[in-house]
Amino acid sequence: MRAGLAILAMIAAMAAMGTFLWPGLFFRSPLFFFLFILLFLQMTFCGLSNLRRWRSLRLRAFALFCLHAGVLLILAGGGVNAKFGLTATLPLQAGEEGDAAAALGLTGGEPLWLRLNSFETEFYADGSPLQYYTRLTARTAGSSRTAEISVNHPFAINGVKIYQQSFGYLFWVREDGDGETRAFRLGENIPLQGEATLEIYHYIPAFDERAAVDTGRLRPDNPRIVYLLREGETGVSMRLAAPGERLEIGGNTLIFERVDMYTVLRLKTDPGLVPAACGAVALMAGICLGFIGIYVPGGSRSPLP
Amino acid sequence: MALVFANLAAFYGAFALYGGAAAAFFLRRPAGAFLCARFGFCLNAAAVGARAARAGAAPLTNSYEFILLFALVSVFLFLALAGREKSLLPAGSILFSLVALLFLFVFLFSRGQITAAAPLPPALRSLWLVSHVLTAALAYGCFLAAAAFALLRLSRGAAKEDSAFGRRLYRIVFFGFAALSVSIALGAVWAEQAWGSYWTWDPKETWALITWIVYAIYLHLSRRRAWTEQTSCLAVCLGFLLVLFTFFGVNFLLPGLHSYA
(Lines give C-alpha, C1' and ligand atoms only; values in the text may rest on other atoms or scores of the structure.)
Protein backbone atom coordinates (compact mmCIF):
# COMPACT_ATOMS: atom_id res chain seq x y z
CA MET A 1 0.00 0.00 0.00
CA ARG A 2 2.76 2.42 0.93
CA ALA A 3 4.41 1.97 -2.48
CA GLY A 4 1.10 2.79 -4.19
CA LEU A 5 0.65 5.88 -2.04
CA ALA A 6 4.22 6.96 -2.82
CA ILE A 7 3.49 6.66 -6.55
CA LEU A 8 0.26 8.62 -6.08
CA ALA A 9 2.20 11.33 -4.22
CA MET A 10 4.74 11.45 -7.07
CA ILE A 11 1.94 11.77 -9.64
CA ALA A 12 0.41 14.61 -7.60
CA ALA A 13 3.75 16.43 -7.22
CA MET A 14 4.62 16.08 -10.91
CA ALA A 15 1.11 17.06 -12.04
CA ALA A 16 1.35 20.18 -9.86
CA MET A 17 4.68 21.12 -11.41
CA GLY A 18 3.39 20.23 -14.86
CA THR A 19 0.48 22.70 -14.70
CA PHE A 20 2.91 25.56 -14.04
CA LEU A 21 6.04 24.64 -15.96
CA TRP A 22 4.92 22.65 -19.00
CA PRO A 23 1.12 22.98 -19.32
CA GLY A 24 -0.26 20.74 -22.05
CA LEU A 25 3.09 19.07 -22.71
CA PHE A 26 3.96 17.32 -19.48
CA PHE A 27 0.79 15.23 -19.34
CA ARG A 28 1.69 13.58 -22.65
CA SER A 29 5.24 12.83 -21.62
CA PRO A 30 6.49 9.21 -21.33
CA LEU A 31 7.53 9.87 -17.71
CA PHE A 32 3.99 10.74 -16.67
CA PHE A 33 2.59 7.77 -18.60
CA PHE A 34 5.19 5.53 -16.92
CA LEU A 35 4.04 6.65 -13.45
CA PHE A 36 0.48 5.65 -14.30
CA ILE A 37 1.63 2.25 -15.56
CA LEU A 38 3.57 1.82 -12.32
CA LEU A 39 0.48 2.72 -10.30
CA PHE A 40 -1.63 0.33 -12.36
CA LEU A 41 0.81 -2.54 -11.78
CA GLN A 42 1.22 -1.79 -8.10
CA MET A 43 -2.55 -1.63 -7.55
CA THR A 44 -3.06 -4.85 -9.52
CA PHE A 45 -0.48 -6.78 -7.48
CA CYS A 46 -1.68 -5.24 -4.23
CA GLY A 47 -5.26 -6.10 -5.16
CA LEU A 48 -4.38 -9.68 -6.03
CA SER A 49 -2.53 -10.18 -2.77
CA ASN A 50 -5.52 -8.75 -0.86
CA LEU A 51 -8.06 -10.80 -2.80
CA ARG A 52 -8.28 -13.48 -0.13
CA ARG A 53 -9.05 -10.86 2.51
CA TRP A 54 -11.62 -9.16 0.29
CA ARG A 55 -13.33 -12.49 -0.42
CA SER A 56 -14.54 -12.57 3.16
CA LEU A 57 -17.71 -10.81 1.95
CA ARG A 58 -17.54 -8.20 4.66
CA LEU A 59 -19.24 -5.08 3.38
CA ARG A 60 -16.32 -2.81 4.09
CA ALA A 61 -13.85 -5.17 2.41
CA PHE A 62 -16.10 -5.45 -0.65
CA ALA A 63 -16.44 -1.65 -0.78
CA LEU A 64 -12.65 -1.31 -0.77
CA PHE A 65 -12.40 -3.94 -3.52
CA CYS A 66 -14.93 -2.03 -5.68
CA LEU A 67 -13.14 1.30 -5.07
CA HIS A 68 -9.74 -0.06 -6.06
CA ALA A 69 -11.08 -2.10 -8.99
CA GLY A 70 -12.86 1.06 -10.19
CA VAL A 71 -9.62 3.09 -10.13
CA LEU A 72 -7.82 0.25 -11.97
CA LEU A 73 -10.49 0.10 -14.69
CA ILE A 74 -10.43 3.89 -15.14
CA LEU A 75 -6.64 3.77 -15.47
CA ALA A 76 -6.95 0.91 -17.98
CA GLY A 77 -9.62 2.77 -19.98
CA GLY A 78 -7.53 5.94 -20.03
CA GLY A 79 -4.48 3.99 -21.18
CA VAL A 80 -6.39 2.22 -23.97
CA ASN A 81 -7.85 5.52 -25.11
CA ALA A 82 -4.47 7.24 -25.10
CA LYS A 83 -2.99 4.42 -27.20
CA PHE A 84 -5.82 3.47 -29.57
CA GLY A 85 -8.36 6.31 -29.47
CA LEU A 86 -8.80 8.47 -32.57
CA THR A 87 -10.12 12.00 -32.92
CA ALA A 88 -10.71 14.28 -35.88
CA THR A 89 -12.47 17.51 -36.77
CA LEU A 90 -14.90 17.66 -39.69
CA PRO A 91 -16.24 21.00 -40.95
CA LEU A 92 -19.39 20.69 -43.08
CA GLN A 93 -21.50 23.24 -44.91
CA ALA A 94 -25.15 22.69 -45.80
CA GLY A 95 -25.51 20.01 -48.49
CA GLU A 96 -21.87 18.91 -48.16
CA GLU A 97 -20.94 15.27 -47.47
CA GLY A 98 -17.81 14.39 -45.53
CA ASP A 99 -15.95 11.11 -45.18
CA ALA A 100 -15.83 10.59 -41.41
CA ALA A 101 -13.96 7.27 -41.63
CA ALA A 102 -11.19 8.86 -43.70
CA ALA A 103 -11.01 11.90 -41.38
CA LEU A 104 -10.41 9.51 -38.47
CA GLY A 105 -7.92 7.44 -40.47
CA LEU A 106 -10.10 4.32 -40.26
CA THR A 107 -8.91 2.55 -43.38
CA GLY A 108 -10.26 -0.81 -44.46
CA GLY A 109 -13.28 -0.66 -42.16
CA GLU A 110 -16.88 0.19 -42.88
CA PRO A 111 -17.27 3.59 -44.57
CA LEU A 112 -19.09 6.40 -42.77
CA TRP A 113 -20.31 9.42 -44.69
CA LEU A 114 -21.92 12.42 -43.00
CA ARG A 115 -24.11 14.79 -45.01
CA LEU A 116 -25.13 18.08 -43.40
CA ASN A 117 -28.83 18.77 -43.91
CA SER A 118 -28.94 21.98 -41.88
CA PHE A 119 -27.11 23.89 -39.18
CA GLU A 120 -29.09 26.27 -36.99
CA THR A 121 -28.44 28.41 -33.96
CA GLU A 122 -31.10 29.12 -31.36
CA PHE A 123 -30.71 32.41 -29.49
CA TYR A 124 -31.79 33.90 -26.19
CA ALA A 125 -33.78 37.15 -26.28
CA ASP A 126 -30.55 39.14 -25.75
CA GLY A 127 -28.91 37.62 -28.84
CA SER A 128 -26.50 35.24 -27.09
CA PRO A 129 -26.51 31.59 -28.27
CA LEU A 130 -28.78 29.10 -26.52
CA GLN A 131 -28.01 26.01 -28.59
CA TYR A 132 -26.44 24.90 -31.90
CA TYR A 133 -28.20 22.21 -33.93
CA THR A 134 -26.53 20.12 -36.61
CA ARG A 135 -28.98 17.97 -38.56
CA LEU A 136 -27.27 15.35 -40.67
CA THR A 137 -27.64 12.07 -42.48
CA ALA A 138 -25.10 9.39 -41.59
CA ARG A 139 -24.57 6.84 -44.34
CA THR A 140 -22.77 3.52 -43.87
CA ALA A 141 -22.31 0.63 -46.29
CA GLY A 142 -25.82 -0.71 -45.92
CA SER A 143 -27.92 1.93 -44.20
CA SER A 144 -28.49 5.59 -43.59
CA ARG A 145 -29.78 7.41 -40.50
CA THR A 146 -30.73 11.00 -39.82
CA ALA A 147 -29.71 12.58 -36.53
CA GLU A 148 -29.70 15.88 -34.68
CA ILE A 149 -26.54 16.79 -32.79
CA SER A 150 -26.29 19.67 -30.34
CA VAL A 151 -23.95 20.71 -27.54
CA ASN A 152 -24.21 18.10 -24.75
CA HIS A 153 -26.12 15.75 -27.09
CA PRO A 154 -23.67 13.76 -29.25
CA PHE A 155 -24.63 11.03 -31.68
CA ALA A 156 -22.97 7.61 -31.98
CA ILE A 157 -22.88 5.35 -35.01
CA ASN A 158 -20.63 2.39 -35.85
CA GLY A 159 -18.39 3.06 -32.85
CA VAL A 160 -17.83 6.68 -33.91
CA LYS A 161 -19.18 9.39 -31.63
CA ILE A 162 -19.98 12.76 -33.20
CA TYR A 163 -20.05 15.98 -31.16
CA GLN A 164 -21.08 19.56 -31.88
CA GLN A 165 -17.71 21.24 -31.48
CA SER A 166 -17.81 24.62 -33.11
CA PHE A 167 -18.97 26.61 -36.12
CA GLY A 168 -17.63 28.98 -38.73
CA TYR A 169 -18.81 31.50 -41.30
CA LEU A 170 -18.97 31.08 -45.05
CA PHE A 171 -18.97 34.28 -47.14
CA TRP A 172 -20.64 34.07 -50.55
CA VAL A 173 -19.01 36.62 -52.84
CA ARG A 174 -20.14 37.50 -56.36
CA GLU A 175 -17.91 39.29 -58.77
CA ASP A 176 -19.98 41.44 -61.12
CA GLY A 177 -17.80 40.64 -64.14
CA ASP A 178 -18.41 36.89 -64.45
CA GLY A 179 -21.51 36.70 -62.21
CA GLU A 180 -20.13 33.62 -60.47
CA THR A 181 -20.74 33.31 -56.72
CA ARG A 182 -17.97 31.68 -54.71
CA ALA A 183 -17.65 30.78 -51.03
CA PHE A 184 -14.77 32.01 -48.85
CA ARG A 185 -13.92 31.42 -45.22
CA LEU A 186 -12.44 33.83 -42.68
CA GLY A 187 -8.81 34.63 -43.44
CA GLU A 188 -9.08 33.68 -47.12
CA ASN A 189 -8.02 36.08 -49.86
CA ILE A 190 -10.09 37.16 -52.85
CA PRO A 191 -7.78 38.03 -55.79
CA LEU A 192 -8.34 41.47 -57.33
CA GLN A 193 -6.72 43.15 -60.31
CA GLY A 194 -2.92 43.29 -60.35
CA GLU A 195 -1.27 42.33 -57.06
CA ALA A 196 -4.19 43.47 -54.95
CA THR A 197 -6.15 41.07 -52.78
CA LEU A 198 -9.04 41.36 -50.36
CA GLU A 199 -8.76 39.36 -47.17
CA ILE A 200 -11.94 38.52 -45.23
CA TYR A 201 -10.56 39.55 -41.88
CA HIS A 202 -13.40 39.39 -39.36
CA TYR A 203 -17.16 39.02 -39.09
CA ILE A 204 -19.41 41.02 -36.77
CA PRO A 205 -22.92 39.51 -36.53
CA ALA A 206 -24.39 42.41 -34.49
CA PHE A 207 -22.71 45.73 -35.22
CA ASP A 208 -23.63 48.78 -33.16
CA GLU A 209 -23.54 51.65 -35.68
CA ARG A 210 -23.94 54.47 -33.18
CA ALA A 211 -20.97 53.37 -31.06
CA ALA A 212 -19.21 51.76 -34.06
CA VAL A 213 -18.39 48.64 -32.04
CA ASP A 214 -18.96 44.91 -32.11
CA THR A 215 -21.66 44.13 -29.53
CA GLY A 216 -20.24 40.63 -29.14
CA ARG A 217 -23.64 39.04 -29.72
CA LEU A 218 -23.88 36.18 -32.19
CA ARG A 219 -27.39 36.74 -33.55
CA PRO A 220 -26.99 38.39 -36.98
CA ASP A 221 -29.09 41.47 -36.21
CA ASN A 222 -26.84 43.90 -38.09
CA PRO A 223 -24.00 41.97 -39.72
CA ARG A 224 -20.82 43.52 -41.03
CA ILE A 225 -17.84 41.99 -42.79
CA VAL A 226 -14.44 43.46 -41.96
CA TYR A 227 -12.10 43.18 -44.93
CA LEU A 228 -8.48 44.07 -45.42
CA LEU A 229 -7.19 45.35 -48.76
CA ARG A 230 -3.64 44.32 -49.58
CA GLU A 231 -1.13 45.31 -52.20
CA GLY A 232 1.16 42.30 -52.36
CA GLU A 233 2.08 41.54 -48.76
CA THR A 234 1.25 45.03 -47.47
CA GLY A 235 -2.09 45.88 -45.91
CA VAL A 236 -3.46 49.09 -47.39
CA SER A 237 -6.74 49.67 -45.61
CA MET A 238 -9.35 47.94 -43.46
CA ARG A 239 -13.05 48.55 -44.15
CA LEU A 240 -16.53 47.37 -43.26
CA ALA A 241 -19.18 46.04 -45.63
CA ALA A 242 -22.76 44.93 -45.11
CA PRO A 243 -24.09 41.83 -46.89
CA GLY A 244 -25.59 42.89 -50.22
CA GLU A 245 -23.46 46.05 -50.41
CA ARG A 246 -21.75 46.71 -53.73
CA LEU A 247 -18.00 47.29 -53.38
CA GLU A 248 -16.01 49.13 -56.08
CA ILE A 249 -12.37 48.32 -55.47
CA GLY A 250 -9.68 49.23 -57.99
CA GLY A 251 -11.62 48.20 -61.07
CA ASN A 252 -13.34 45.21 -59.39
CA THR A 253 -16.97 45.12 -58.37
CA LEU A 254 -17.71 42.69 -55.54
CA ILE A 255 -20.86 41.88 -53.63
CA PHE A 256 -20.93 39.91 -50.37
CA GLU A 257 -24.22 38.21 -51.21
CA ARG A 258 -24.82 36.46 -47.89
CA VAL A 259 -23.08 34.89 -44.89
CA ASP A 260 -23.90 31.29 -43.93
CA MET A 261 -22.79 29.38 -40.87
CA TYR A 262 -21.15 26.00 -41.25
CA THR A 263 -20.82 23.38 -38.54
CA VAL A 264 -17.60 21.93 -37.12
CA LEU A 265 -18.01 18.42 -35.76
CA ARG A 266 -15.66 16.47 -33.53
CA LEU A 267 -15.36 12.79 -34.37
CA LYS A 268 -14.06 10.28 -31.88
CA THR A 269 -13.50 6.60 -31.40
CA ASP A 270 -12.75 5.62 -27.84
CA PRO A 271 -12.11 1.93 -27.22
CA GLY A 272 -11.23 2.77 -23.61
CA LEU A 273 -14.63 4.26 -22.82
CA VAL A 274 -16.28 0.96 -21.82
CA PRO A 275 -13.63 -0.06 -19.21
CA ALA A 276 -13.46 3.53 -17.93
CA ALA A 277 -17.25 3.70 -17.59
CA CYS A 278 -17.28 0.30 -15.82
CA GLY A 279 -14.56 1.65 -13.54
CA ALA A 280 -16.61 4.74 -12.73
CA VAL A 281 -19.61 2.52 -11.89
CA ALA A 282 -17.42 0.30 -9.67
CA LEU A 283 -16.00 3.41 -7.97
CA MET A 284 -19.48 4.76 -7.29
CA ALA A 285 -20.62 1.35 -6.00
CA GLY A 286 -17.57 1.21 -3.71
CA ILE A 287 -18.35 4.70 -2.38
CA CYS A 288 -21.99 3.81 -1.71
CA LEU A 289 -20.99 0.61 0.09
CA GLY A 290 -18.29 2.52 1.96
CA PHE A 291 -20.96 4.96 3.11
CA ILE A 292 -23.06 2.14 4.46
CA GLY A 293 -19.99 0.68 6.14
CA ILE A 294 -19.02 3.96 7.79
CA TYR A 295 -22.24 5.81 8.52
CA VAL A 296 -24.89 3.12 9.05
CA PRO A 297 -24.73 1.64 12.56
CA GLY A 298 -23.70 -2.02 12.31
CA GLY A 299 -22.86 -1.55 8.61
CA SER A 300 -19.29 -2.64 9.21
CA ARG A 301 -17.74 -4.88 11.78
CA SER A 302 -14.26 -3.47 11.39
CA PRO A 303 -13.44 -0.54 13.66
CA LEU A 304 -12.60 2.92 12.32
CA PRO A 305 -9.43 4.64 13.42
CA MET B 1 -35.88 43.73 -9.51
CA ALA B 2 -37.31 42.41 -6.24
CA LEU B 3 -35.25 39.25 -6.66
CA VAL B 4 -32.06 41.28 -7.24
CA PHE B 5 -32.73 43.23 -4.06
CA ALA B 6 -33.59 40.04 -2.11
CA ASN B 7 -30.38 38.44 -3.37
CA LEU B 8 -28.27 41.46 -2.37
CA ALA B 9 -29.92 41.78 1.04
CA ALA B 10 -29.57 38.05 1.76
CA PHE B 11 -25.91 38.02 0.68
CA TYR B 12 -24.86 41.04 2.76
CA GLY B 13 -27.01 39.89 5.67
CA ALA B 14 -25.41 36.43 5.67
CA PHE B 15 -21.95 38.04 5.31
CA ALA B 16 -22.54 40.25 8.37
CA LEU B 17 -24.02 37.43 10.44
CA TYR B 18 -21.21 35.00 9.62
CA GLY B 19 -18.69 37.69 10.59
CA GLY B 20 -20.66 38.21 13.78
CA ALA B 21 -20.69 34.47 14.48
CA ALA B 22 -16.89 34.32 14.06
CA ALA B 23 -16.43 37.25 16.46
CA ALA B 24 -18.84 35.79 19.03
CA PHE B 25 -17.04 32.42 18.93
CA PHE B 26 -13.70 34.22 19.49
CA LEU B 27 -15.21 36.05 22.46
CA ARG B 28 -16.60 32.75 23.80
CA ARG B 29 -20.24 33.73 23.50
CA PRO B 30 -21.62 30.47 22.09
CA ALA B 31 -25.30 31.36 22.47
CA GLY B 32 -24.93 34.59 20.48
CA ALA B 33 -22.63 32.88 17.99
CA PHE B 34 -25.14 30.11 17.35
CA LEU B 35 -27.92 32.66 16.87
CA CYS B 36 -25.83 34.57 14.29
CA ALA B 37 -24.83 31.32 12.60
CA ARG B 38 -28.41 30.05 12.31
CA PHE B 39 -29.75 33.35 10.97
CA GLY B 40 -26.75 33.60 8.63
CA PHE B 41 -27.47 30.10 7.38
CA CYS B 42 -31.11 31.02 6.69
CA LEU B 43 -30.07 34.17 4.78
CA ASN B 44 -27.42 32.18 2.90
CA ALA B 45 -30.12 29.69 1.85
CA ALA B 46 -32.39 32.60 0.90
CA ALA B 47 -29.61 34.05 -1.31
CA VAL B 48 -29.31 30.68 -3.09
CA GLY B 49 -33.10 30.55 -3.53
CA ALA B 50 -33.34 34.12 -4.84
CA ARG B 51 -30.52 33.46 -7.24
CA ALA B 52 -32.16 30.26 -8.50
CA ALA B 53 -35.52 32.03 -8.92
CA ARG B 54 -33.88 34.83 -10.88
CA ALA B 55 -31.82 32.55 -13.12
CA GLY B 56 -34.66 30.06 -13.59
CA ALA B 57 -32.08 27.31 -13.12
CA ALA B 58 -29.83 25.84 -10.45
CA PRO B 59 -27.40 28.63 -9.42
CA LEU B 60 -24.16 26.79 -10.08
CA THR B 61 -22.35 28.55 -12.88
CA ASN B 62 -20.04 31.19 -11.41
CA SER B 63 -17.81 31.70 -8.38
CA TYR B 64 -20.41 33.75 -6.47
CA GLU B 65 -23.05 31.04 -6.79
CA PHE B 66 -20.57 28.31 -5.91
CA ILE B 67 -19.35 30.18 -2.80
CA LEU B 68 -22.96 30.52 -1.59
CA LEU B 69 -23.35 26.73 -1.76
CA PHE B 70 -19.86 26.04 -0.41
CA ALA B 71 -20.62 28.18 2.67
CA LEU B 72 -24.09 26.71 3.07
CA VAL B 73 -22.76 23.13 3.23
CA SER B 74 -19.93 23.91 5.66
CA VAL B 75 -22.17 25.93 8.01
CA PHE B 76 -24.83 23.20 7.94
CA LEU B 77 -22.21 20.59 8.84
CA PHE B 78 -20.87 22.71 11.66
CA LEU B 79 -24.32 23.40 13.10
CA ALA B 80 -25.22 19.72 12.87
CA LEU B 81 -21.97 18.46 14.44
CA ALA B 82 -21.17 21.17 16.99
CA GLY B 83 -24.81 21.20 18.12
CA ARG B 84 -24.35 17.61 19.30
CA GLU B 85 -20.69 17.69 20.35
CA LYS B 86 -19.91 20.75 22.46
CA SER B 87 -16.14 20.16 22.38
CA LEU B 88 -16.22 21.20 18.70
CA LEU B 89 -17.74 24.60 19.43
CA PRO B 90 -14.43 26.54 19.51
CA ALA B 91 -13.87 25.48 15.90
CA GLY B 92 -16.68 27.88 15.06
CA SER B 93 -14.31 30.84 15.28
CA ILE B 94 -12.11 29.26 12.58
CA LEU B 95 -14.96 28.00 10.38
CA PHE B 96 -16.95 31.23 10.39
CA SER B 97 -13.80 33.30 9.81
CA LEU B 98 -13.09 31.17 6.73
CA VAL B 99 -16.70 31.46 5.54
CA ALA B 100 -16.65 35.23 6.09
CA LEU B 101 -13.41 35.37 4.08
CA LEU B 102 -15.15 33.54 1.22
CA PHE B 103 -17.90 36.16 1.27
CA LEU B 104 -15.26 38.90 1.46
CA PHE B 105 -13.68 37.44 -1.67
CA VAL B 106 -17.02 37.79 -3.50
CA PHE B 107 -17.36 41.36 -2.21
CA LEU B 108 -13.86 42.33 -3.34
CA PHE B 109 -13.45 40.44 -6.61
CA SER B 110 -16.80 39.16 -7.89
CA ARG B 111 -19.27 41.80 -6.71
CA GLY B 112 -20.64 42.18 -10.22
CA GLN B 113 -21.80 38.57 -10.19
CA ILE B 114 -24.21 39.22 -7.30
CA THR B 115 -26.52 41.30 -9.47
CA ALA B 116 -25.57 40.07 -12.96
CA ALA B 117 -27.43 37.14 -14.49
CA ALA B 118 -26.06 36.22 -17.89
CA PRO B 119 -27.83 33.50 -19.89
CA LEU B 120 -26.17 30.10 -19.80
CA PRO B 121 -23.95 29.21 -22.75
CA PRO B 122 -24.95 25.93 -24.48
CA ALA B 123 -22.19 23.85 -22.83
CA LEU B 124 -23.42 24.75 -19.33
CA ARG B 125 -27.00 23.66 -20.02
CA SER B 126 -26.60 20.13 -18.69
CA LEU B 127 -27.91 18.11 -15.76
CA TRP B 128 -24.45 16.54 -15.52
CA LEU B 129 -23.06 20.00 -14.77
CA VAL B 130 -25.68 20.59 -12.06
CA SER B 131 -24.85 17.31 -10.31
CA HIS B 132 -21.09 17.87 -10.83
CA VAL B 133 -21.14 21.30 -9.15
CA LEU B 134 -23.54 20.27 -6.38
CA THR B 135 -21.32 17.38 -5.35
CA ALA B 136 -18.23 19.62 -5.60
CA ALA B 137 -19.88 22.15 -3.23
CA LEU B 138 -20.75 19.29 -0.88
CA ALA B 139 -17.14 18.06 -0.94
CA TYR B 140 -15.64 21.51 -0.44
CA GLY B 141 -18.03 22.23 2.43
CA CYS B 142 -16.98 19.01 4.17
CA PHE B 143 -13.29 19.81 3.67
CA LEU B 144 -13.75 23.31 5.09
CA ALA B 145 -15.52 21.94 8.17
CA ALA B 146 -12.84 19.23 8.57
CA ALA B 147 -10.05 21.82 8.26
CA ALA B 148 -11.70 23.98 10.95
CA PHE B 149 -11.87 21.00 13.33
CA ALA B 150 -8.29 19.96 12.49
CA LEU B 151 -7.00 23.52 13.08
CA LEU B 152 -8.78 23.58 16.43
CA ARG B 153 -7.06 20.33 17.39
CA LEU B 154 -3.66 21.62 16.24
CA SER B 155 -4.15 24.89 18.13
CA ARG B 156 -4.52 22.89 21.34
CA GLY B 157 -0.96 21.60 20.96
CA ALA B 158 0.28 18.11 21.82
CA ALA B 159 -2.76 17.13 23.87
CA LYS B 160 -3.56 13.46 24.51
CA GLU B 161 -4.79 11.67 21.38
CA ASP B 162 -8.56 11.60 21.18
CA SER B 163 -9.78 8.60 19.19
CA ALA B 164 -13.34 9.95 19.07
CA PHE B 165 -12.05 13.15 17.47
CA GLY B 166 -9.95 11.18 14.96
CA ARG B 167 -12.97 9.05 14.04
CA ARG B 168 -15.16 12.12 13.57
CA LEU B 169 -12.56 13.84 11.40
CA TYR B 170 -12.14 10.68 9.32
CA ARG B 171 -15.91 10.45 8.75
CA ILE B 172 -16.19 14.09 7.63
CA VAL B 173 -13.22 13.72 5.29
CA PHE B 174 -14.54 10.42 3.91
CA PHE B 175 -17.87 12.08 3.16
CA GLY B 176 -16.07 14.93 1.38
CA PHE B 177 -13.77 12.52 -0.43
CA ALA B 178 -16.73 10.46 -1.64
CA ALA B 179 -18.50 13.63 -2.82
CA LEU B 180 -15.30 14.81 -4.56
CA SER B 181 -14.91 11.41 -6.28
CA VAL B 182 -18.51 11.54 -7.49
CA SER B 183 -18.03 15.16 -8.57
CA ILE B 184 -14.91 14.33 -10.59
CA ALA B 185 -16.68 11.37 -12.21
CA LEU B 186 -19.78 13.45 -13.03
CA GLY B 187 -17.60 16.25 -14.39
CA ALA B 188 -15.85 13.70 -16.62
CA VAL B 189 -19.21 12.47 -17.94
CA TRP B 190 -20.31 16.07 -18.60
CA ALA B 191 -17.04 16.90 -20.39
CA GLU B 192 -17.41 13.77 -22.50
CA GLN B 193 -20.94 14.77 -23.53
CA ALA B 194 -20.08 18.42 -24.16
CA TRP B 195 -16.58 18.29 -25.63
CA GLY B 196 -16.01 14.63 -26.46
CA SER B 197 -13.22 14.16 -23.95
CA TYR B 198 -13.69 13.04 -20.37
CA TRP B 199 -10.29 14.16 -19.15
CA THR B 200 -8.11 16.84 -20.73
CA TRP B 201 -5.62 17.68 -17.94
CA ASP B 202 -7.20 21.11 -17.72
CA PRO B 203 -5.62 22.91 -14.66
CA LYS B 204 -8.85 22.66 -12.64
CA GLU B 205 -9.11 18.93 -13.36
CA THR B 206 -5.46 18.39 -12.53
CA TRP B 207 -5.65 20.25 -9.21
CA ALA B 208 -8.90 18.49 -8.30
CA LEU B 209 -7.04 15.21 -8.87
CA ILE B 210 -4.11 16.42 -6.72
CA THR B 211 -6.58 17.31 -3.94
CA TRP B 212 -8.22 13.88 -4.34
CA ILE B 213 -4.82 12.18 -4.04
CA VAL B 214 -3.89 14.06 -0.84
CA TYR B 215 -7.19 13.12 0.82
CA ALA B 216 -6.84 9.52 -0.46
CA ILE B 217 -3.41 9.33 1.21
CA TYR B 218 -4.88 10.75 4.42
CA LEU B 219 -7.73 8.21 4.39
CA HIS B 220 -5.37 5.28 3.79
CA LEU B 221 -2.79 6.21 6.41
CA SER B 222 -5.25 7.47 8.97
CA ARG B 223 -7.31 4.26 8.69
CA ARG B 224 -4.18 2.20 9.34
CA ARG B 225 -3.24 4.46 12.26
CA ALA B 226 0.09 5.06 10.52
CA TRP B 227 -0.06 8.75 11.39
CA THR B 228 -0.26 10.56 14.69
CA GLU B 229 -3.33 12.69 15.20
CA GLN B 230 -1.25 15.81 14.66
CA THR B 231 0.03 14.57 11.28
CA SER B 232 -3.52 13.64 10.27
CA CYS B 233 -4.73 17.13 11.18
CA LEU B 234 -1.89 18.69 9.19
CA ALA B 235 -2.82 16.53 6.18
CA VAL B 236 -6.45 17.66 6.43
CA CYS B 237 -5.31 21.29 6.55
CA LEU B 238 -2.99 20.74 3.56
CA GLY B 239 -5.91 19.16 1.70
CA PHE B 240 -8.03 22.22 2.37
CA LEU B 241 -5.26 24.55 1.16
CA LEU B 242 -5.30 22.54 -2.07
CA VAL B 243 -9.08 22.91 -2.23
CA LEU B 244 -8.66 26.68 -1.94
CA PHE B 245 -5.95 26.67 -4.59
CA THR B 246 -8.09 24.52 -6.90
CA PHE B 247 -10.96 26.95 -6.51
CA PHE B 248 -9.25 30.36 -6.37
CA GLY B 249 -5.62 29.90 -7.43
CA VAL B 250 -6.35 27.97 -10.59
CA ASN B 251 -8.95 30.56 -11.69
CA PHE B 252 -6.44 33.38 -11.35
CA LEU B 253 -3.15 31.73 -12.24
CA LEU B 254 -3.98 28.89 -14.62
CA PRO B 255 -6.91 29.68 -16.90
CA GLY B 256 -8.50 26.78 -18.74
CA LEU B 257 -11.87 25.25 -19.58
CA HIS B 258 -13.19 26.14 -16.11
CA SER B 259 -12.31 29.83 -16.38
CA TYR B 260 -15.95 30.86 -15.79
CA ALA B 261 -16.00 29.07 -12.41
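Points to keep in mind about this one:
- Eligible aspartates and glutamates near B:K204 by straight Cα distance, threshold 19 Å, same-chain separation 8 or greater: B:E65, B:E192
- The phi torsions of segment B:60-67, fed into the Karplus equation with coefficients 6.51, -1.76 and 1.60 and a -60° offset, translate into couplings of 9, 10, 9, 5, 4, 5, 5, 5 Hz, rounded to whole numbers, with Gly and Pro shown as x.
- Near the amide H of A:L130, within less than 5 Å, lie the amide hydrogens of A:E122, A:F123, A:Y124, all on another chain or at least 5 residues away, with H placed in the peptide plane.
- Principal-axis tilt of helix A:30-54 within chain A, Cα atoms, nearest 10 degrees: 30 degrees
- Of the peptides A:137-149, A:59-71, the order by per-residue mean of other Cβ atoms within 10 Å, starting with the highest, comes out as A:59-71, A:137-149.
- Fraction of alpha-carbon pairs over 32 Å apart in the protein assembly as shown - percent: 57 percent
- For chain A, the longest principal axis of the C-alpha atoms and the axis of helix A:273-295 are separated by about 50°.
- Cα-based radius of gyration for segment B:1-43, normalised by 2.2 N^0.38 Å, reads 1.27.
- Student exercise, segment A:169-260 dipole from Lys, Arg, Asp, Glu Cβ charges, in Debye to nearest 20: 360 debye
- Assuming charge only on the beta carbon of Lys and Arg (+1) and of Asp and Glu (-1), the dipole of the protein assembly as shown about its Cα centre is about 4000 debye to the nearest 20.
- Solvent-accessible area assigned to carbon and sulfur over segment B:129-261 amounts to 66 percent, based on a 1.4 Å probe.
- Applying the Karplus relation 6.51 cos²θ - 1.76 cosθ + 1.60 with θ = phi - 60° to segment B:244-249 yields 3J(HN,Hα) values of 5, 5, 4, 7, 9, x Hz, where x marks Gly and Pro.
- At q = 0.10, 0.15 Å⁻¹, base-10 log of I(q)/I(0) for segment A:35-188 (Debye sum, equal scatterers on each alpha carbon): -0.63, -0.93
- Amide H contacts under 5 Å for A:I190: A:L198, A:E199, A:I200, restricted to partners 5 or more places along the chain or on a different chain, H placed in the peptide plane at 1.01 Å from N.
- Heavy atoms of A:M284 accessible to a 1.4 Å probe, total area in Å² rounded to 10: 50 Å²
- Between B and A, roughly 4000 Å² of accessible area is buried in total, ligands, DNA and RNA not counted and the probe set to 1.4 Å.
- Proximity of backbone amide H atoms, modeled 1.01 Å from N, is registered between A:E96 and A:L116 at under 5 Å, excluding neighbours fewer than 5 places apart on the same chain.
- Note, ³J(HN,Hα) from phi for segment A:104-120, Karplus 6.51, -1.76, 1.60, rounded to Hz, x at Gly and Pro: 7, x, 8, 9, x, x, 6, x, 9, 10, 10, 10, 7, 7, 7, 10, 10
The values are calculated or read from the model by the stated rules, or taken from the named source; none is laboratory data. In this text the structure is predicted, and so the values were computed from the model without any measurement. Here the Cβ is made from the backbone with ideal geometry for all residues, glycine too, and neighbour counts use every protein chain on show. Note: areas computed on protein heavy atoms with side chains; ligands, DNA, RNA excluded. Shrake-Rupley method; radii C 1.70, N 1.55, O 1.52, S 1.80 Å.
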